[in-house]
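Would you mind keeping the following structure in view while I ask a few things?
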Amino acid sequence: MHLKNRLDVGEFAVLVEMEPPKGIDISSMVFVAEKLRSKVAAVVVPDMTAAVMRMSPLGAAMILQSKGLETVMQVCCRDRNRLALQGDLLSAYAGGISNIMIVDGQDLAFGDHHQAKAVDDIDGEQLARAIKGLCQGRDMAGTELLGAPAFFFGAEFNPGLEGDELEQELERLDRYKDAGAGFFITTPVFDPAVLENLADRLDVRQLNLIPTVMMLKSVGMARYIQRNMPHFHLSDQLIRRLQKASDKTREAVQIAREALAVLREAGFKGAMLAPMGWERKLPEVLV
Amino acid sequence: MIIADRKPLEEIQEMVKSCGKILLVGCKGCVTVCNVGGLKEVQVLASILRIARKKEGRPLEVEEKVLERQCDPEYVEQLRDTYDQYDAVLSMACGVGPQFLSEAYPDQRFFPAVNTKFMGGAVQHGIWEERCAGCGTCIIHFYDGMCPIARCSKSLLHGPCGGSADGKCEVSSDIECIWDKIVRKKMEQDRLEDLRVLRAAKDWRTARDGGPRRSIREELVK
Ligand code: SF4
Ligand code: SF4
């Protein structure tokens with residue numbers, strides 16, 4: 001069942017994020033993907049996360065589609081101008097990729113090609129309008145297309161912000177909704193109460209809001225997140241639990257599994273697992 | 001210097017349409033030299049705005065002032081006593097001016113009356129051309145003093161593209177192909193070999209791509 005239909009009928013959609021390889025060896029990606037085929041609604045393919053150069057999501061998503069997996073292809077505006085973005089979107093649709101997630105993309109300074117020139121010809125909200133236009137059969141210049149795609153597209157949402165920042169984020173979400181976004185995948189959520197707190201502002205269950213469950217690979221990583229990413233709301237309790245565990249890897253898998261169950265129980269439309277390099281552990285989380 | 005063009009009158013009128021009294025402030029720096037935002041231009045724009053609004057039956061009071069430089073807090077300070085007597089302030093300086101003004105006077109509104117275009121100079125009376133794109137790492141010594149970053153439409157670093165024809169750029173016959181000039185000069189001076197050197201991919205961090213830039217001269221910082 002297509003992701004959109006699944007969300008429409010309210011069947012819990014498990015998404016997993018899978019980074020394309022840095023190189024041409026796709027064996028590991030394909031190996032994991034095949035194990036997940038019957039367990040996930042779709043694989044989310046990032047667009048050079050943290051500005052680290054790797055196989056483009058277009059290529060990787062097409063490979064995954066050819067292995068029988070549905071994909072959500074991320075698109076950011078950092079590396080391509082409006083011609084390249086639209087061209088890749090058309091290629092994607094023709095290659096079977098119908099789900100798109102617009103992301104902001106981190107600055108080149110975060111990545112491994114610091115000297116590169118950023119493109120940023122258009123921004124995410126303009127891209128959303130461009131996608132809508134493509135679906136109506138016209139490109140950004142208004143020229144008619146030979147066959148129009150029917151994308152189901154979404155964007156990011158950070159539910160952990162507070163105060164003015166949260167207000168701005170909610171406004172941004174509204175603008176994306178107006179532009180036709182059909183789902184929102186959140187930044188990592190370690191405390192579901194963060195989502196419940198938004199209940200009077202957003203219909204978090206009707207909105208196709210898909211919280212992200214990030215795998216905590218080590219105590220060090222957890223501490224780093226707690227210190228540097230306050231909007232992820234990672235509690236001391238969770239760190240202590242990981243600390244106390246004799247088998248930390250197993251505990252991390254268990255924590256992710258429980259988080260998924262909690263979101264499913266709470267009535268969310270789905271959840272996305274972010275393995276943070278632990279792609280090979282995904283089948284264990286999703287037993 | 002920085003070259004700018006005045007914005008179309010309709011755009012300026014739209015900005016100040018709700019105002020009854022404005023300050024029009026020019027700058028004696030670059031925009032005076034390129035005849036777009038100095039004393040004379042301030043006077044001309046002020047009277048055009050007054051006349052247009054008078055015709056509409058909604059007179060606009062326009063006061064005129066020209067600062068030594070709008071990109072210098074010392075001169076920006078000269079508006080301290082008066083800036084809040086207007087519904088808005090229209091700046092005829094380059095894009096730096098209205099920003100320095102609004103940083104100094106956050107409770108006033110500042111509008112740009114010019115479009116800031118490039119760094120360059122006058123090639124003949126009344127015609128200015130781009131020469132530098134401020135990439136932050138100057139390499140024109142490799143190109144006999146001509147900048148392919150700013151002056152080649154594609155910023156090519158190893159020679160002309162296939163669109164170069166009769167010394168003109170493929171983008172428009174009004175644009176000279178700087179690569180035609182660079183190659184000619186190298187040929188004349190028998191140094192064409194220079195162009196065989198492979199240049200490493202440019203480090204764009206020193207340009208805008210590394211984020212907004214800053215220049216610190218330690219010996220001057222107190
Ligand atoms: S190389 Fe860079 S700094 Fe030098 S003139 Fe060209 S754009 Fe300006
Ligand atoms: S025609 Fe000349 S100036 Fe124009 S893009 Fe080609 S090389 Fe550059």
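The numbers here are math on the coordinates, done by the rules we state, and not lab data. Here the structure is a predicted model, which means the values were calculated and not measured. Note: ideal-geometry Cβ built from the backbone for every residue, glycine included; neighbour counts use all protein chains shown.
Can you give me the C-alpha center-to-center distance between segment A:238-287 and segment A:5-43, rounded to a whole angstrom?
Distance between centres, Cα-based: 16 Å.
Return the FRET efficiency for the residue pair A:LYS244, A:GLN115: r is the Cβ-Cβ distance, R0 is 51 Å, and the value is rounded to the nearest 0.05.
Taking R0 as 51 Å, the efficiency between A:LYS244 and A:GLN115 is 0.70.
Here's a follow-up. Can you give the net charge of the other residues whose Cβ lies under 11 Å from the Cβ of A:SER218, counting K and R as +1 and D and E as -1?
Within the 11 Å Cβ shell, the charges total +2.
Where a ≥ b ≥ c are the square roots of the eigenvalues of the C-alpha gyration tensor, would you call the protein assembly as shown rounded, which needs a/c under 1.5, or, failing that, prolate if a/b is larger than b/c, or oblate?
Here the protein assembly as shown falls in the prolate category.
On average over all directions, what projected area in square nanometres does chain A have, based on the convex hull of its Cα atoms?
15.1 nm²
Report the FRET efficiency, 1/(1 + (r/R0)^6), for B:THR82 and A:ASP25, where r is their Cβ-Cβ distance and R0 is 60 Å, rounded to 0.05.
That pair, B:THR82 with A:ASP25, gives E of 0.30.
Under 18 Å from the Cα of B:LYS65, which aspartates and glutamates turn up, not counting those fewer than eight places away in the same chain?
Within the straight-line cut-off, B:LYS65 pairs with B:GLU41, B:GLU74, B:GLU77, B:ASP81, B:ASP84, B:ASP87.
Further question: Counting only other chains, and only Cβ atoms inside 10 Å, what mean value do you get across the residues of B:201-210?
Per-residue shielding by partner chains comes out at 5.
Which of A:LYS35/A:LYS132; B:LYS40/B:LYS117; B:LYS21/B:LYS222; B:LYS7/B:LYS202; B:LYS7/B:LYS28 have a Cα-Cα distance over 30 Å?
The pairs that break the limit, which is 30 Å between Cα atoms, are A:LYS35/A:LYS132; B:LYS21/B:LYS222; B:LYS7/B:LYS202.
Taking a label point 7 Å from the Cα of B:GLN13 along the Cα→Cβ vector, which residues of segment B:40-69 have an amide N closer than 19 Å to it?
Answer for segment B:40-69: B:42-63.
Now, a different point. Can you spot the aspartates and glutamates whose alpha carbon is less than 16 Å from B:LYS181's alpha carbon? Ignore those fewer than 8 places along the same chain.
Filter leaves B:GLU129, B:GLU130, B:ASP144, B:ASP166, B:GLU170, B:ASP190, B:GLU193, B:ASP194.
Using a Förster radius of 56 Å, what is the FRET efficiency between B:ILE216 and A:LYS39 based on their Cβ-Cβ separation? Nearest 0.05, please.
0.55
Would segment B:133-202 count as rounded, prolate or oblate if I go by the C-alpha gyration tensor, calling it rounded below 1.5 in a/c and otherwise prolate when a/b exceeds b/c, oblate otherwise?
oblate
Need the list of lysines near A:LYS244 for cross-linking: C-alpha distance under 27 angstrom, and skip anything on the same chain fewer than eight residues off.
Excluding near neighbours in sequence, the set is A:LYS217, A:LYS281.
How much length would be gained if the chain were fully extended between B:ARG109 and B:SER153, taking 0.36 nm per residue of separation minus their Cα-Cα distance, in nm to one decimal?
Full extension from B:ARG109 to B:SER153 adds 12.2 nm.
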